[in-house]
1. Taking the alpha-carbon set of segment 254-388, what are its Rg and Dmax in Å?
2. Distances over 23 Å make up what percent of all Cα-Cα pairs in segment 212-327?
3. Restricting everything to alpha-carbon atoms, can you work out Rg to Rh for the chain with a Kirkwood hydrodynamic radius?
4. Which value, in debye to the nearest 20, gives the size of the charge dipole of the chain about its Cα centre, when Lys and Arg are +1 and Asp and Glu are -1 at the Cβ?
5. Taking the C-alpha atoms of segment 22-81, how large are the radius of gyration and the largest Cα-Cα span, Dmax, in Å?
6. In Å and from the alpha-carbon atoms only, list the Rg and Dmax of segment 551-597.
7. Could you sort Met232, Met20 by accessible area so the largest value comes first, with the probe set to 1.4 Å?
8. Using +1 at the Cβ of each Lys and Arg and -1 at the Cβ of each Asp and Glu in segment 433-583, identify which of Gln461, Ile567, Asn471 lies farthest towards the dipole's positive end.
Amino acid sequence: MDSTTPSTFNLNPHQEQAVMHGKGPLLVISGAGSGKTRVITSRIARLLEQGAHPSQIIALTFTNKAAREMLERIQKMLGANYSELPFIGTFHSYCLRLLKTNSHLLEHPFITLLDQDDQEKLIKDIASRYSNDKKINVKQILHQISQLKNSGQPLSSLTTAHAKASILQIYQIYEEEKSTSRSLDFDDLLLHACKLFTNQQFKRRFQSSICHVLVDEYQDTNAVQHMLLKHMTLDSNKQCAIESVCAVGDEDQSIYSWRGATVANMLDFAQDFPSTTIIKIEQNYRSAQPILQTANHVISFNTGRNPKNLWSTRTGTERVKVIRCNSEYQEADGVVQFIKNYKRKYPARSVAVLYRSHFQSRAIEEALVRQSISYSMIGGVQFYERKEIKDILAYLRLVINPYDRISWSRILNVPARGLGAKFEELWNSIWLQEPLCTFTEIANVLTTRKLVTGQKLSAMQTLVDIFTGINSIAQPSIVIEDLINRTDYIAYLYQEYDTQDAQARAQNVKEFIAAVKYIEQSRTLSIEQLLYEITLMQEQSATQEKELPTVTLMTIHAAKGLEFDAIMLIGLEEGILPSTRARTDDNAIEEERRLLYVGITRAKEHLLMTHSRYRYTYGVMAEQIPSRFIEELPAHSVQSADGLYWNGSSFDHFIQEWMMRSEHNRTQNITFSTPVSPQNLSTQASSPTTTIKTGSKVRHRLFGMGTVQEIEERADSKKYAIVLFSSGLKKLIVLFLS
């Protein structure tokens, strides 16, 4: 291969080394923001320039969007000289192509491919025919089947330790019926493609026609995808049988174990592909150096990784702050103050709030709406628009308005009661004839006229009875909890959705109750007032959506692959980040740490992290334990502040000082003190300050005794002192020292 690289590729030395690599296996460990897409596309373009035919190159990705982006980049690099391009697409799309062109080799040739709706319909039908378990959760069964397939385990491994015997039976029948109907699901595409390679003649023919295989985001591969790559590229002696195989990824960004992804594929790559060349790309083009120092330090506590050290030529100071807040409401107000100040100073810069779980968005959304700040939400639905919240609100509306037909229609079969379309049509026709009747009175009409009998009558009466005895003038939180208990709504969520989705929805319901209880502590609140306030908030939010969003809200998972000038990472507390489910599992803790690492490395210029002393849990204000990850933050690049007693002006002061100092080229480890109240200011202002100079011993009401390291005079006539206390360097107004 030629030793020169076209200048149009614009590569740094390590990127160029990866692009120019010749024969054999190659693992490119490409850190966050280091230009991995540029590497993989430049390598493909280079291979084509060196004479490889497009049909000899396969590039596998995880999304169609990534594949399109790579194709567009390669076309720009090569210009109009190349009308034919290699296959660049997802694992599943390539396996589908492979199976279709070699269908004669399949044990059970297929005609159709089932989508998720098809799968759910088939599972539901099988369950109704063969299972006596009335609480079958179709989505949960499909999730278990998918996890089993993606782990590469055989059907025999699905025992009662993994699922009930009835699920094992359903799985077996599901596979049989797919085979009979000549159908495959998406997971089958990978498994059946692997089976193709057990035919040695096919394998030799395939490997003689392919020269180069490249895989993007290798940390996101599951066990079957890893096995497929080995089948495609290795011979019977486990040596590379094609010219090159290149995997590009970053195990520090492996955050999808719940989808079946395993970080072991990156860690074991060199062992599974002998004679692998490993190239690390550590130069980051996204973030200022203090942000990268923070990320490097945090992720270094993980053991399951290839060590690397991200660095950047973009220097800076005072880019990372941690604030301790009193509650999630103060946290939300502080976030809004940051956004207002930041966008005032840097109007063109992007800002995002990241959180571990969707329920955390509620307090942030409400604070943004109160301040008329427009926002957009990625990968989620605005809190009061979520199905589970709208369901509860529909029940609540019927408590005070039994004429509400829209709400009645919503809760008719939530939870499922077997009151189908024909019943609803009958109900609506009677209500149209009797428009002045409540839903209870309509039920009496249907019963009296014997228009509904048997199970339908029993189900209808059960629904009506939910509202019997509900006190419409009681506190809203009491009524909400009563309705949830009467409908067994949480159990319904776990029956209707897979475990992870159900947990998230149940957490949203609990967050809603907590929010209502918080309001009730400060003022008297009726159900009617609560519903009005929520409706007005939704209307205001909908109006703001039409404007250009000021801030983006999303989970850290949804933020992967994105970048913003300023990032606010909220809720760094035990039970949130890391999540409760990870507390006793070392591997899960490492993935939670990787999740924090991903969040940190989304920030380009500024990073604010917050945690709260108290947070509403199950309707009570519970004391929170700061995340163990806070202790892992590096003191030399992260400054912490205690904002327990801050108000809006305190946050303003802190943020303005931060923004001002981050533009100065100072490298000392300096933190800010808690802003002093006006009352304290008046008493401290009388203290003599003229004698304070470098080397002076001084006292501060919070930090105790310290030694002045430097005096700084500003144009605003304020004099500042940088003081070394036992807790570290602090920058303080001289007036506050004695």
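The values are calculated or read from the model by the stated rules, or taken from the named source; none is laboratory data. What you are looking at is a predicted structure, and each value in this text was computed from that prediction instead of being measured. Reconstructed Cβ throughout: ideal geometry from the backbone, glycine too, with neighbour counts over all protein chains shown. Ligands, DNA and RNA are excluded from the accessible area calculation, which covers all protein heavy atoms including side chains. Shrake-Rupley method; radii C 1.70, N 1.55, O 1.52, S 1.80 Å.
1. Rg and Dmax of segment 254-388, Cα atoms, are 19.6, 60 Å.
2. Here the tail beyond 23 Å accounts for 43 percent of pairs.
3. Values: Rg = 30.4 Å, Rh = 29.7 Å.
Answer for the chain: 1.02.
4. 1060
5. 12.0, 33
6. Spelled out, the Cα radius of gyration and Dmax of segment 551-597 are 11.7, 35 Å.
7. Result, largest first: Met20, Met232.
8. Value computed over the given set: Gln461.
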